[in-house]
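Visitor: The structure that follows is given in the form of structure tokens.
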Amino acid sequence: MNAEEQKPEETPTPTPEAKTVEMTQAEFDSKFNTSFGKGATKATNDILEALGVENLDTLKGIVKAKSDAEEADKTELVKAQEALDASKSVNSELANKYEKLEQSNKINTLANKHGVKDAEYLAFKYAQAQTVDGFSEDAFIEEFMTGNPNKATPTDNTPNKGVSPGKDLSKMSYKELMNYQNSL
């Protein structure tokens, strides 16, 4: 026996003859929607059943509520972030103001301690001297005081400073004080 003889005979399968069907578009749409609509409805019902939801409207409500909650949480997060950024900005601003006040206080203390009249000039010179490496506050003050005769004059603690001898302002009437003021 050879290989050709072992093959079973192939019988041709009868093919149904194609029929032409004529129908309107509306009839086709109706038939199509009915056929596929049943499958889509069954699939939708299976999904809803698996999710434990009664109908599509309930599912839509659940999804919308979840989306709204996430948006609200996101909004709260954004608000918290903005508040944090604002507080960082205020903190930085206050730190800068504190540093400036501390520097101003230091200059005023030095000016009062060493009897310097012009604290602004002292602050200017101090700021210039601070930029130099090896800055020494004591050396700066010593140099400033010897090079700048800007020392405050001692104050006169007498009650009639600048008043002609013999005039006691505390015993003058209001009219006498006004006349005296106008004469100056």
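Visitor: For the range 17-60, which residues satisfy the criterion of being loosely packed, with under 10 Cβ neighbours inside 10 Å and of a type in the set (A, V, I, L, M, F, W, C)?
Guide: 18, 21, 26, 50
Visitor: Return the only residue of 69, 83, 65, 95 being of a type in the set (A, V, I, L, M) and under 30 Å from residue 124 (Cβ atoms).
Guide: Just a single option satisfies the conditions, and that option is 95.
Visitor: Show the residue pairs meeting these rules: Cβ distance below 7 Å; 6+ apart or different chains; first residue within the range 129-143 and closer than 20 Å to residue 118 by Cβ; second residue surrounded by 10 or more Cβ atoms within 10 Å (Cβ to Cβ) and of a type outside the set (A, V, I, L, M, F, W, C).
Guide: 140/126; 141/114
Visitor: Criterion first (acidic (Asp, Glu), modelled with pLDDT of 85 or more and either in a loop (DSSP other than H, G, I, E, B) or surrounded by 10 or more Cβ atoms within 10 Å (Cβ to Cβ) (or both)) does residue 138 satisfy it?
Guide: No.
Visitor: Any residue in the range 159-184 that is polar (S, T, N, Q) and exposed (fewer than 10 other Cβ atoms within 10 Å of the Cβ) sitting within a Cβ distance under 8 Å of a residue that is assigned to a loop (DSSP other than H, G, I, E, B) and at pLDDT below 80? List the pairs, counting only those 6 or more apart or interchain.
Guide: That search, which allows pairs on different chains as well, returns 170/159.
The values are calculated or read from the model by the stated rules, or taken from the named source; none is laboratory data. What you see is a predicted model, and the numbers here were worked out from it, not measured in a lab. For neighbour counting, all protein chains shown are included, and Cβ atoms are generated from backbone atoms with ideal geometry for every residue, glycine included.
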